[in-house]
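Here the structure is laid out as structure tokens; the discussion comes afterwards.
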Amino acid sequence: MRYLELGKTSLKVSEVGFGGIPIIRLDTDTAVKVLRRAVERGITLYDTANAYRDSEEKMGLAFRGMRDRVVIATKTIRRDAAAATEQLENSLRMLRSDYIDLFQLHQIAREEDFQAVTSPGGALEAAVKAKEAGKVRHIGVTSHSLTMAIKLVRTGLFSTIQFPFNFIETDACQELFPVAREHGAGILVMKPFAGGVIDNADIVFKFLRQYPEAIPIPGFDSEESVEQIVAIYERENLVTDKDMELMDEYRGKLGKAFCRRCEYCMPCPNDVKITMAMGYPIFVSRMGAKVATEFARIPMESVAQCTECGECIERCPYGLPIPEVLKRNYALYRKDREDNPS
Ligand code: SF4
Ligand code: SF4
């Protein structure tokens, strides 16, 4: 495992980090074991969020007595300063820490999000104040929109950008990475498995290791998954012709027909929470059906408001048949609720 500077931050982190969503579905003891195994195996960067249910709390428990060995990144989805401060204080409590290494503004995709967080009284103001108070070391941002991610980096307001990147979605390496390099912003890679649609860890990380300035943060749900991914990083990286063929197979199979969570389709005139509802099967695969039905309850219930007006289809750059997918996901959600009564 190598340790790399995260952009111009003073943070030195392992070349692969730990994404904090899948531990949601683990019981606390197991989650703590998985996290500690990751620390033992040299992973030092841990990414979580206020929105990830008990993920922060589990990290707080796992890292007792070893806070100085890990770099913790968390996020607030709130857009105004007061609510962002409240979430930050909650994160500190859950993480049992008096500082956060990297505090990220979560999912800034649309212009209105950007305006809300950067205006006076916005979440960025809260993050800056927290940094001055020593509660936050660095401020970062996450986005699913390439245009917005580039804009965010260009402001120079953020030390890191977190963005989806994998061998199917490669735009970032041509368009975002050079801008991040120019501004000294660290890059965190979300969705190394394209949100769960790629199931071959070997080629996922062989591909990503060709871009060492971008630190992937895959989710781990078992000690075995930690061993598996760390082992890939312990080997020499050789992308073979066979690997390239396999990647092409995935690209051919998936085409462009999967939701990237870019949010261009939003807002829906009937207030359907499209992006979250499109991703329901992925939530199920990552959290298990019981947790996913609760986690995605509001967006999934909003699907009932869809009138199939088609506005979202026109806005989706990938031409996804959104109402059709939503209907399918809604049927799956109803069945999961029946099978897993709360
Ligand atoms: S449905 Fe299309 S526009 Fe909406 S989030 Fe998914 S990929 Fe983006
Ligand atoms: S088709 Fe459904 S989800 Fe899409 S914009 Fe219209 S009402 Fe909203």
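Taking packing as the residue-averaged number of other Cβ atoms within 10 angstrom, the listed peptides 214-221, 68-75 run from highest to lowest as 214-221, 68-75. With contacts taken as Cα pairs under 8 Å at a separation of at least 6 residues, the stretch 228-342 carries a relative contact order of 27 percent.
Counting DSSP beta bridges with both partners in the chain, what percentage is antiparallel, nearest 5? About 15 percent, rounded to the nearest 5. Here the simple spin-label model places points 7 Å from the Cα toward Cβ, and for residue 335 and residue 238 these points are separated by 4.4 nm.
At a probe radius of 1.4 angstrom, the accessible area of the stretch 100-194 per residue rounds to 35 square angstrom.
In this structure, the amide hydrogen of residue 219, modeled 1.01 Å from its nitrogen in the peptide plane, lies closer than 5 angstrom to those of 19, counting only residues at least 5 positions away or on a different chain.
Note on residue 69 and residue 249: the extension gain reaches 60.8 nm, defined as 0.36 nm multiplied by sequence separation minus the Cα-Cα distance. Computed on the chain, with alpha-carbon pairs under 8 angstrom and 6+ residues apart, the relative contact order is 15 percent. Per-residue packing, averaged as other Cβ atoms within 10 Å, sorts the ranges 2-15, 156-169, 21-34 into the order 156-169, 21-34, 2-15, beginning with the highest.
Within the stretch 39-165, antiparallel bridges make up roughly 5 percent of the DSSP beta bridges whose residues both belong there.
Residue separation of residue 86 and residue 27 scaled by 0.36 nm, minus their Cα-Cα distance, works out to 18.6 nm of gained length.
Of the solvent-accessible surface of the stretch 212-279, computed with a 1.4 Å probe over protein heavy atoms with every protein chain present, carbon and sulfur atoms account for 53 percent. Near residue 80, the amide H atoms lying under 5 Å from its own belong to 123; only residues 5 or more places off or on other chains count, and H is placed 1.01 Å from N. Ellipsoid fit via the Cα gyration tensor, the chain: semi-axes of 28, 25, 22 Å, each the root of five times an eigenvalue, largest first. Here the stretch 1-154 exposes an accessible surface that is 47 percent carbon and sulfur, computed with a 1.4 Å probe and the other protein chains kept in place.
Taking every DSSP helix (H) stretch of at least 4 residues in the chain, weighting each as -39,500 (n - 2.57) and dividing the sum by the residue count yields a mean residue ellipticity at 222 nm of -13500 deg cm²/dmol. Per residue, the accessible area of the stretch 205-342 comes to 52 Å², computed with a 1.4 Å probe over protein heavy atoms only.
Karplus-based coupling profile of the stretch 65-70, in residue order and whole Hz: x, 9, 4, 6, 8, 10, with θ = phi - 60° in 6.51 cos²θ - 1.76 cosθ + 1.60 and x standing for Gly or Pro.
The values are calculated or read from the model by the stated rules, or taken from the named source; none is laboratory data. Since this is a predicted model, take the numbers as computed values, not measurements. Virtual Cβ from ideal backbone geometry, glycine too; neighbours counted across all protein chains shown. Remember, those area values only see protein heavy atoms, side chains included, never the ligands or the DNA or RNA. Shrake-Rupley method; radii C 1.70, N 1.55, O 1.52, S 1.80 Å.
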